[in-house]
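The values are calculated or read from the model by the stated rules, or taken from the named source; none is laboratory data. These numbers were taken from a predicted model, which means no experiment stands behind them. Note: ideal-geometry Cβ built from the backbone for every residue, glycine included; neighbour counts use all protein chains shown.
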Amino acid sequence: MRFRWRRLLAKSWLVSRWHYRRHGLVLDGRPSDEVRYFAYGSNMHERKFVKRRDIEPLERRVGRARCWRMS
């Protein structure tokens, strides 16, 4: 059940906005706005990103997060 809820939350703008407001958070922007996504590890795998999540990137770049480390 939890997996279905997360999938719906990720796909529906209205459900996401309701979920955030319910928890006292603000969801800025619109679904059509551009979003920068910094990925590492398995999140960089193109098949997972494009086919599973149905997200088509406008461009791809190599980047570095300076002064940052995983904890």
Please work out if Arg61 is exposed (fewer than 10 other Cβ atoms within 10 Å of the Cβ) and more than 15 Å from the chain's Cα centre (by Cα).
yes
Specify the residue that is nearest to Val15 (Cα to Cα); the eligible residues are those in the range 44-61 that are part of a loop (DSSP other than H, G, I, E, B) and among the aliphatic types (A, V, I, L, M).
Ile55
With the structure loaded, tell me whether Arg47 is out of contact with any strand residue (DSSP E or B) (no Cβ under 6 Å at 6 or more places or on another chain), modelled with pLDDT of 80 or more and exposed (fewer than 10 other Cβ atoms within 10 Å of the Cβ) or whether it fails that test.
no
Can you name the condition, by its number, that Ser16 falls short on among (1) in a helix (DSSP H, G or I); (2) at pLDDT below 75; (3) of a type in the set (Gly, Ala, Ser)?
(2)
Considering residues of the range 21-44 that are farther than 18 Å from Arg7 by Cβ and hydrophobic (A, V, I, L, M, F, W, C) only, the residue surrounded by the fewest Cβ atoms within 10 Å (Cβ to Cβ)
Val26
Among the residues of the range 21-43, count how many are over 30 Å from Arg66 (Cβ atoms) and part of a helix (DSSP H, G or I).
2
